[in-house]
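Report on one structure; see the data block that follows.
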Amino acid sequence: MSTKWSYSSMSLFQQCPKKYYHLKIAKDIVEYPSEQMRYGLAAHKVAEKYIQDGTPIPPQFSYMQEALDKLKDMKGEIICEYRMGLTYDLEPCKFMAKDVWWRGIVDLLVVDGEAAKIVDYKTGKNTYPDTKQLELLSLAVFKHFPEVKVVKAGLLFVVHPSFVKEKYHAEEQEERWKKWIEQSKELDAAVETDVWNPKQNFTCRAWCPVTSCAHNGRSNWD
Ligand code: SF4
């Protein structure tokens, strides 16, 4: 049985298997959402409600209005917070299906015949935009909407306005899946062997909640 994963859980595993183990397998450490994360979730909700039902944007999020108005006017079927699942055989399935292997949520999906657009809202800085999630979501869109041949994907930075764009083609799917399959195999191997090595990274010094780790900047190891 292959381990279920999402982009964020795989990123966590790739960042540090030991941290992944404590947060996702043993669940003996809980990482509470930071203020920044809570703000991001609130902004996502505002965007979803505005595009879906026209719920007015609260004044503190008014900076999003212009960008969201442009998205609202896009041609095609607009779907907010579209939840997708894939089985191990890369067959589309429901987000909560029993045999789901991968899960992902598109903040905004627009399907228009053979073309689709996906948008991921970001409330953080746009210094190092990470488009890997867009690739994964686009690959899932190709499975859920087999008529779609091209996906234009973008990270919409709403606080520091900018739009980072990527384009994915259906014929590239097989090649693009390879690295994700490889990563999922690494995760499976860790689960199977129960080996969770620490991997030092930028979160060790002040952010990682695994304070029992020797590499943690807030640990008692000296
Ligand atoms: S302190 Fe660093 S190496 Fe240790 S668990 Fe946390 S992220 Fe991993």
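The values are calculated or read from the model by the stated rules, or taken from the named source; none is laboratory data. It should be emphasised that the depicted structure is a prediction, and the values quoted were computed from it without experimental measurement. Neighbour counts run over all protein chains shown; Cβ positions are idealised from the backbone, glycine included.
In the range 194-222, how many residues are under 25 Å from LYS132 (Cβ atoms), more than 9 Å from the ligand (Cβ to nearest atom) and not hydrophobic (A, V, I, L, M, F, W, C)? So the answer is 0.
Surrounded by 12 or more Cβ atoms within 10 Å (Cβ to Cβ), small (Gly, Ala, Ser) and touching a residue at least 12 places away in the same chain (Cβ under 8 Å), is that true of ALA206? It is false that ALA206 is surrounded by 12 or more Cβ atoms within 10 Å (Cβ to Cβ), small (Gly, Ala, Ser) and touching a residue at least 12 places away in the same chain (Cβ under 8 Å).
Residues in the range 48-63 that are touching a helix residue (DSSP H, G or I) at 6+ places or on another chain (Cβ under 6 Å) and touching a residue at least 12 places away in the same chain (Cβ under 8 Å): TYR50, ILE51, PHE61. All conditions in (1) modelled with pLDDT of 95 or more; (2) at negative phi hold for ARG205, with the sole exception of (1). Remark: pairs (first residue in the range 1-19, closer than 22 Å to SER212 by Cβ; second residue among the aliphatic types (A, V, I, L, M); Cβ separation under 6 Å; 6+ apart in sequence or on different chains) = PHE13/LEU187; PRO17/ALA190; LYS19/VAL210.
Residues of the range 91-140 that are under 15 Å from the mean Cα position of the chain (by Cα), of a type in the set (D, E, K, R) and at pLDDT 95 or above: ARG103, GLU135. Among the residues of the range 164-186, those that are touching a residue at least 60 places away in the same chain (Cβ under 8 Å) and under 27 Å from LYS122 (Cα atoms) comprise TRP177, TRP180, GLN183, SER184.
Residues checked against (1) within 19 Å of ALA43 (Cα to Cα); (2) touching a Phe, Trp or Tyr at 6+ places or on another chain (Cβ under 6 Å); (3) crowded, with 16+ Cβ neighbours inside 10 Å; (4) of a type in the set (D, E, K, R):
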site: VAL119; (1), (2), (3), (4): yes, no, yes, no
site: LYS143; (1), (2), (3), (4): no, no, yes, yes
site: PRO161; (1), (2), (3), (4): yes, no, no, no
site: ALA170; (1), (2), (3), (4): no, yes, yes, no
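Restricting attention to the range 180-193, the residues that are within 16 Å of the ligand (Cβ to nearest atom) and either farther than 28 Å from LEU134 by Cβ or buried (at least 16 other Cβ atoms within 10 Å of the Cβ) (or both) total 2.
The set of residues from the range 145-159 being of a type outside the set (Val, Ile, Thr) and either closer than 25 Å to GLU91 by Cβ or surrounded by fewer than 16 Cβ atoms within 10 Å (Cβ to Cβ) (or both) comprises PHE145, PRO146, GLU147, LYS149, LYS152, ALA153. Filter the range 132-148 for residues that are part of a loop (DSSP other than H, G, I, E, B) and in contact with a Gly (Cβ under 9 Å, 6 or more places away or on another chain) and give the result. Correct list: GLU147, VAL148. Surrounded by 14 or more Cβ atoms within 10 Å (Cβ to Cβ), under 30 Å from LYS178 (Cα atoms) and touching a residue at least 24 places away in the same chain (Cβ under 8 Å): does that describe GLU91? No: the conditions fail for GLU91. Residues in the range 151-170 include none that are in contact with a helix residue (DSSP H, G or I) (Cβ under 8 Å, 6 or more places away or on another chain), within 16 Å of the ligand (Cβ to nearest atom) and within 28 Å of SER34 (Cβ to Cβ).
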